[in-house]
Amino acid sequence: MDKFRMIFQFFQSNQESFMNGICGIMALASTQMYSAFDFNCPCLPHYNLAYGLGILLVPPFILFLLGFVLNNNISMLAEEWRRPQGRRGKDPAVLRYMFCSMAQRAMIAPAVWVSVTLLDGKCITCAFCTSVPVETLGNASHPRLSQGEIERVLARIPCKEIYNGQQLIANEVAVRYLRCISQALGWCFVLLMTTLAFLVRSLRPCFSQAAFLKSRYWSHYIDIERKLFDETCAEHARSFAKVCIQQFFEGMSTDLVAAHCHLPRKAPADAGEAAEKLLGITDRGTMNMALKSWHRCKPPLHLHPPALPTGNGWAGEGQPPTHPTAPRRETAAYYSWV
C-alpha cells in the first residue's frame, strides 16, 4: 500500500505527472480492451475490408479524442485561445506548446492499440484475405470457379469453420502469410514511433531549448494562475456565504428579541476574518464585474520588481540600479554589569 500511495502522490505532484499517469492508464486499458474484444470477421467479400480497417483505425481515433477530453489543459487552452486580448498579450508559442504536449500524450493509447492490433494480425487477415496471391501460394488453375466465386472463397479464410477452399489454397498457408505481413507492419510501426519519440526528445534541446523553456514556463504559469484564481474565488464564495448566513441569523435573533423572546446571543469569533476575505466585494454585481474584468483584460505579466544584481550582471534589462545602495555601517555596543 505504501508503494501505491507513493505512486499516487507522484501523479498528483504536478500537472504533467498527472497526465502521464492518465495516459499510462489509458494505454493499459487499450490493451485490456483489445484482449477482451470478441473479433468476428464477417467473411463476406465487400465487408471484410471495412470491418478490419474499422477495428484497426476507429478505436485509436476514439482513444485519441478521449485523451484530449481527459486532459484538463484542453479547457485552459481553449480559454486562452478565445479570450480577448485585454491588457495581456497571447503568445502563440505557448498555445502551440500546450497543444503539442496534449497531442503527444493523447497519441500514446492509440499507438498502443495499433501496435497490438498489427502484431496480433486478425485485422489484416480479415481486411486483406481476398488479396492473397493464389498464383503463388495456391492452385490458381482450379476449375469451375469465376473471379467472383474465388473472392467469396477467399473471404472465408478468417472463418476456419466455414472455409471450403482447401483445394484452392490451404487455410493455414493464407493465414500465416497475412499474419507475417501484419506482424512486420506492427514491428515497423513500433520502430517508427520509438524513433520519432527519440528524435523529439534528443534533438529538440539542440535547436530551440531557450524557446522551449520559455513556452513551458508560461504554460505552467497559466495552469497555476488558473488554479489559484479558482481557489481564490472558492474562498471568496465561502466567506461571502458565511457572512450572508451570519447576517441572516443575526437579523432573525433581532426579530426574536423585538418579539420579547430573550435568547442568548454570542458574536461569532470568525466574523471579522470572513469579512476581511471579501476584499471589499460585498454584492453580486461587483463580483460579476470582477469576473468579467478578469476574463476580458487580465493583468499584465509585469510586477515592477526592484532591479537587483545577479552573478552575470544586473537583473531586469541589463541596466544597473539608478540609485546605488549606500554601504551599510555596522556598530557594536558593549554592556557592562557593574
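How big is the accessible area of Ser215 in square angstrom, nearest 10, if you roll a 1.4 angstrom probe over the protein chains?
Ser215 has an accessible surface of roughly 10 Å² with all protein chains in place.
Provide Rg and Dmax in Å for the stretch 1-207, with only Cα atoms included in the calculation.
Rg and Dmax of the stretch 1-207, Cα atoms, are 23.2, 81 Å.
By average Cβ neighbour count within 10 Å, what is the ranking of 291-302, 26-37 from highest down?
26-37, 291-302
Taking the Cβ-Cβ separation of Ala36 and Asn171 as r and a Förster radius of 35 Å, what is the calculated FRET efficiency to the nearest 0.05?
Plugging the Cβ-Cβ distance into 1/(1 + (r/R0)^6) gives 0.85.
Could you go through the stretch 117-132 in sequence order and give the Karplus-derived ³J(HN,Hα) for each residue, using 6.51 cos²θ - 1.76 cosθ + 1.60 with θ = phi - 60°, rounded to whole Hz, and x for Gly and Pro?
5, 5, 5, 6, x, 5, 5, 5, 4, 6, 6, 10, 5, 6, 9, 5
Using a 1.4 angstrom probe on the protein heavy atoms only, line up Thr136, Thr232, Thr130 by accessible area, largest first.
The residues order as Thr136, Thr232, Thr130, largest area first.
How much length would be gained if the chain were fully extended between Glu79 and Asp230, taking 0.36 nm per residue of separation minus their Cα-Cα distance, in nm to one decimal?
Gain in length upon complete extension: 52.9 nm.
Quick check on the stretch 188-252: what are the equivalent-ellipsoid semi-axes from the Cα gyration tensor, as sqrt(5λ), descending, whole Å?
52, 15, 4
Could you tell me what percent of the accessible area of the stretch 50-130 is made up of carbon and sulfur, with a 1.4 Å probe and every protein chain present?
Carbon and sulfur together cover 71 percent of it.
With a 1.4 Å probe and every protein chain left in place, work out the accessible area per residue of the stretch 1-207 in Å², rounded to a whole number.
Dividing the accessible area of the stretch 1-207 by its residue count gives 62 Å².
Leu44 to Phe248: extension gain in nm, 0.36 nm per residue of separation minus the Cα-Cα distance?
66.0 nm
Just to make sure I understand: if all protein chains stay in place, what is the order of Cys188, Cys244, Cys129, Cys233 by accessible area at 1.4 Å, largest first?
Most to least solvent-accessible, the answer reads Cys188, Cys244, Cys233, Cys129.
The values are calculated or read from the model by the stated rules, or taken from the named source; none is laboratory data. In this text, all values refer to a predicted model and were calculated from it rather than measured experimentally. Here Cβ is always computed from backbone atoms with ideal geometry, including for glycine, and neighbour counts include all displayed protein chains. Quick note on the areas: whole protein, heavy atoms, side chains included, nothing else; ligands and nucleic acids left out. Shrake-Rupley method; radii C 1.70, N 1.55, O 1.52, S 1.80 Å.
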